[in-house]
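First up is the structure itself, then whatever we jot down about it.
Derivation of every value follows stated rules applied to the coordinates shown; laboratory data play no part. Fair warning: this is a prediction, and the values are worked out from it, not measured in the lab. Counting neighbours? That spans all protein chains shown, and the Cβs are built from the backbone with ideal geometry, glycine included.
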Amino acid sequence: MKPITTITNTTIPIMKENIDTDQLIPKQFLKNILKTGYGKDLFYDWRYLPGGKANPDFELNKPERKGASILITGDNFGCGSSREHAVWALKDFGIEVVIAGSYSDIFYMNSTKNGLLAIALPADERKILAEISANEKITVNLPDQVVQCRDKSFHFEIDPLWKHKFVNGLDDIAITFGYEKQIEDYEAHMPSFN
């Protein structure tokens, strides 16, 4: 995973509650096990009109939101099925941070394992972030656990283990390799079953 310390970028506000994984990436697009290629279908049913034409009223399609990597949204984000593809679609589109009121447990865990920083903030703070202009940037400072917008700083909580993994760019495999010496020592003392 790529380390995450400080991210400064523009935002995409989609202030809906209970956005489920089928809205993030509909089931008809779950055709491969690669983590790439899903970004074009993110929010497909909201993003495209019948016939496949882009919906000009949807936030992801607005030219002024192009290149934004911080999604501001409602409560219970990522509910529904456990599809990891939802996180893959967000990442493939270019989303690095989601700021919601809360998350489904499975979506949150999928985020931590795939390098998508999922932050929970209360509604009044998210309202401020959702109302800034499309060209205004905010900063997410993971080491200090704050989201900075204009002259305001919003503190967020994160499990110290997940913070360590994000800041150091570690996935579960990289963490396991950190114990390589101990694993080799253990295996050297295992009886042979030949």
**Study point:** Among [x] 1.12; [y] 0.98; [z] 1.16, the entry that matches Cα Rg over 2.2 N^0.38 Å as calculated here
**Key:** [z]
Point to revise | Restricting segment 121-194 to chymotrypsin sites (Phe, Trp or Tyr not before Pro) in coil, as DSSP defines it, with at most 12 other Cβ within 10 Å | key: Tyr179, Phe193
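Test of understanding: what is the full-extension gain from Asp57 to Tyr179, defined as 0.36 nm times their sequence separation minus their Cα-Cα distance? Kindly include the intermediate steps, with their values, before the conclusion.
Values: separation 122, 0.36 × 122 = 43.92 nm, distance 5.05 nm.
Working it through step by step, the gained length comes to 38.9 nm.
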**Study point:** Label-reachable residues, segment 21-54, where backbone N falls under 15 Å from a point 7 Å from Lys113's Cα toward its Cβ
**Key:** 33-35
**Study point:** Spin-label pair Asp172/Thr139, simplified geometry with 7 Å Cα→Cβ offset, distance in nm
**Key:** 3.5
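Any of Lys31/Lys53; Lys2/Lys165; Lys127/Lys152 with alpha carbons more than 18 Å apart? Name them for me. Write out the running numbers ahead of the final one.
Values: Lys31/Lys53 22 Å; Lys2/Lys165 10 Å; Lys127/Lys152 13 Å.
Pairs exceeding the cut-off: Lys31/Lys53.
With r as the distance between the Cβ atoms of Thr36 and His164 and R0 = 25 Å, compute the FRET efficiency 1/(1 + (r/R0)^6) and round to 0.05. The partial results should precede the final answer.
Numbers: r = 26 Å, r/R0 = 1.06.
The formula returns an efficiency of 0.40 here.
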Study note, to complete from the structure: Expressed in nanometres to one decimal, the distance between label points 7 Å along Cα→Cβ at Lys152 and Thr5 is 2.7
Exercise for review: Using DSSP to define loop residues, name the chymotrypsin sites (Phe, Trp or Tyr not before Pro) in segment 43-129 whose beta-carbon has at most 10 other beta-carbon atoms within 10 Å.
Suggested key: none
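As an exercise, identify the GluC sites (Glu not before Pro) in segment 74-161 lying in DSSP coil whose Cβ has no more than 13 other Cβ atoms within 10 Å. Write down the numbers at each step before the final one.
Details: sites: Glu84, Glu96, Glu125, Glu131, Glu136, Glu157; in loops: Glu84, Glu96, Glu131, Glu136, Glu157.
When the GluC sites (Glu not before Pro) of segment 74-161 are filtered for loop state and at most 13 Cβ neighbours within 10 Å, Glu131, Glu136, Glu157 remain.
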Revision key, fill the gap. When Val97, Val87 are ranked with the fewest other C-beta atoms within 10 Å first, the list becomes Val97, Val87
